[in-house]
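What follows draws every value from the coordinates through simple rules; no lab data is involved. It should be emphasised that the depicted structure is a prediction, and the values quoted were computed from it without experimental measurement. Methodologically, a virtual Cβ is constructed for each residue, glycine included, from the backbone with ideal geometry; neighbour enumeration extends over all protein chains shown.
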């Protein structure tokens, strides 16, 4: 399965005090070698920032170094085409309070034809994407 990883999943995995840490860890450990993970540079940015504020500087640096050199989770870089598609997502879902990072993630999910998103952010499900864990 090809899975996009959202900030909400990364934060839950990295922050042991997060109420979703256990389900995030359990899901992550259930992945098989056939599963492929990817995220975006915008999600990495957002995650590093959140971890810096909630867990601390070292956790943010450790996460950034790990994900940027990981072979388990590829990082897709948001370009101008993805930003334009994200703006269309933002316009389409004007009734939802989506971050622009979420909009870029949704644009990438569609563009890359990914199977699901590992996220605890309900906005992905509301926008019609399959979220994991269920």
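How far is helix 41-54 tilted, in degrees, relative to the longest principal axis of the Cα atoms in the chain, given as a value from 0 to 90 rounded to the nearest 10? Between the helix axis and the principal axis of the chain, the angle is about 50 degrees.
Bridge orientation summary for the chain: considering DSSP beta bridges with both residues in this region, about 0 percent are antiparallel. Extension gain, residue 58 to residue 35: 0.36 nm times the residue separation minus the Cα-Cα distance gives 5.4 nm. Just checking the listed ones, 93, 118, 63: in the Gaussian network model of the chain with Cα springs under 10 Å, the one fluctuating most is 93.
If R0 is taken as 22 Å, the Cβ-Cβ distance between residue 94 and residue 125 corresponds to a FRET efficiency of 0.75. Taking the longest Cα principal axis of the chain as reference, the axis of helix 100-112 is set at about 80 degrees. Of (i) 42, 38, 33; (ii) 36, 31, 27; (iii) 51, 41, 24, which is the value of Cα extents along the principal axes in Å derived from the coordinates here? Answer by label: (ii). Seen against the Cα atoms of the chain and their longest principal axis, helix 57-69 is set at about 70 degrees.
Going from the fewest other Cβ atoms within 10 Å to the most, the residues 65, 46 appear in the order 65, 46.
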